[in-house]
1. Relative to the longest principal axis of the chain, what angle (0 to 90°, nearest 10) does the C-alpha long axis of helix 178-187 take?
2. Send over the per residue convex hull volume for region 349-425, Cα only, as a whole number of Å³.
3. Taking a cut-off of 22 Å, what percent of all Cα-Cα pairs in region 130-279 are separated by more than that?
4. Please report, in whole Å, how far the alpha carbons of region 5-133 spread along each principal axis, starting with the longest.
5. Run the numbers for ARG337 and GLU294: contour at 0.36 nm per residue of separation, minus the present Cα-Cα distance, in nm.
6. Over 25 Å between Cα atoms: which of LYS142/LYS397; LYS142/LYS187; LYS50/LYS142; LYS100/LYS142; LYS26/LYS187 fall into that group?
7. Using a Gaussian network model of the chain whose springs link C-alpha atoms within less than 10 Å, name the residue from ARG324, ARG412, ARG259 with the highest mean-square fluctuation.
8. Relative contact order for the chain using alpha-carbon pairs under 8 Å, separation at least 6, rounded to a whole percent?
Amino acid sequence: MTDPLRLGIAGLGTVGVGVVRIVRQKAALLAERAGRPVVITAVSARSKDKDRGVTLSDYAWEDDPVALAQRDDVDVFVEVMGGHDGPAKDATEAAIAAGKDVVTANKALLAHHGHALALAAEAAGRVIRFEAAVAGGIPVIKSLSEGLAGNEITRVMGVMNGTCNYILTRMQSEGLGYNALFEEANKLGFLEADPNLDVGGIDAGHKLSLLAAIAFGTQVDFDSVELEGIQNITIEDINHAADMGYRIKLLGVCQMTGRGLEQRMSPCLVPDSSPLGQLEGGTNMVVLEGDQVEQVVLRGPGAGMGPTASAVMGDVMDIARGFRLPVFGKPATTLTRATPARAVTPAPYYLRLSLEDKPGALAKVATVLGEAGISIDRMRQYDHDATTAPVLIVTHKTTRADLDAALQAIPRLGVVSGTPVALRIEQV
Ligand code: HSE
């Protein structure tokens, strides 16, 4: 096969421009590795006249990404626009209908429509590749679907939103509160246009749902990901966790349990000496566990032009070489619908309560926990003010259901002000 592989790129933001740069600057290397030239024939974006710092005049221009997807001189539709509905979805569907392969960086699109798109693509004999959608430059999709194909996957964990990890690690290193670091991340341009995608855990939840589908052979089910963002994490939580030998991370975990598929994206405590605990700044980390390999830890840049375009090009090169896999590693028609299981795996929890400083108050809380079947492992009190005493409790292993029962009863005791904070301590 020596015909060029012809790309049509929809979206000329950071990722699209990164792809144009690689194709232009590394043409000879790509052709040697693929055994055929890899070229761009057409591009599409919102504004034609914007200076993007790359030469685009060699390529045909389409205002409409759907028209780009349907062009006869495009073999692979590279979708790097973003958005889970609207033009990205329309153009991806059009590309499949027109017999094109698709490479996308769009986690939201696949989290919401991945199963339907995979069914359509495979029925048409096309592939959809999405390495760039999860953990930026880390080749996690390839690791899971190819390198670990001989394993039963037991658990997948990861810090997959660099912005949240940046905020949390800077809170710790600078001793600043969440709001100050949110503003800093905003000024640095780290936040998505809708910041809740980052700090609300949604972007990372999208990524987790895609990994779960590959790991467990299930249909993508983003709606069943238990989501909790980092907005309520205080500098006190960061410091208390550090005192006890933990770091707080926005951690995604998915595992198949006896009761179904557990998918969680939430702030958790992890040991500060663990690889996840040591992860600083905007870097991502994914931990893959399989019955044969035991544990593989992948660490790398989760965003940015070079890393994300690198991931897109890895997918393009597979297609150029003729390497084709089902979208989620096994035929989409065989992917099962998993029963969602909400945090059934027991774990120790960190609780922070603001307790009235009067006789018997702590005893009442201890009684409620005991009645819910929750055993206290460690307890500390810090920084009394005139009327309240912050209390930290680390429980022995308990289920989220038992914990929720206790958390619902605690306000009725009349000795706790505000909402208790409850964070899972993940065994990593
Ligand atoms: N906003 C994401 C992050 C990158 O901060 O990691 C794109 O998914």
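The values are calculated or read from the model by the stated rules, or taken from the named source; none is laboratory data. In this text the structure is predicted, and so the values were computed from the model without any measurement. Note: ideal-geometry Cβ built from the backbone for every residue, glycine included; neighbour counts use all protein chains shown. Keep in mind that these areas ignore ligands, DNA and RNA; they rest on the heavy atoms of the full protein, side chains included. Shrake-Rupley method; radii C 1.70, N 1.55, O 1.52, S 1.80 Å.
1. Result, in degrees: 20.
2. In region 349-425, the Cα convex hull volume per residue is 78 Å³.
3. Roughly 41 percent, rounded to a whole number.
4. 36, 34, 26
5. 12.9 nm
6. Details: LYS142/LYS397 34 Å; LYS142/LYS187 34 Å; LYS50/LYS142 35 Å; LYS100/LYS142 21 Å; LYS26/LYS187 33 Å.
Where the Cα-Cα span goes over 25 Å, the pairs concerned are LYS142/LYS397; LYS142/LYS187; LYS50/LYS142; LYS26/LYS187.
7. The residue with the greatest mean-square fluctuation here is ARG412.
8. Averaging sequence separation for qualifying contacts and normalising by length gives 16 percent for the chain.
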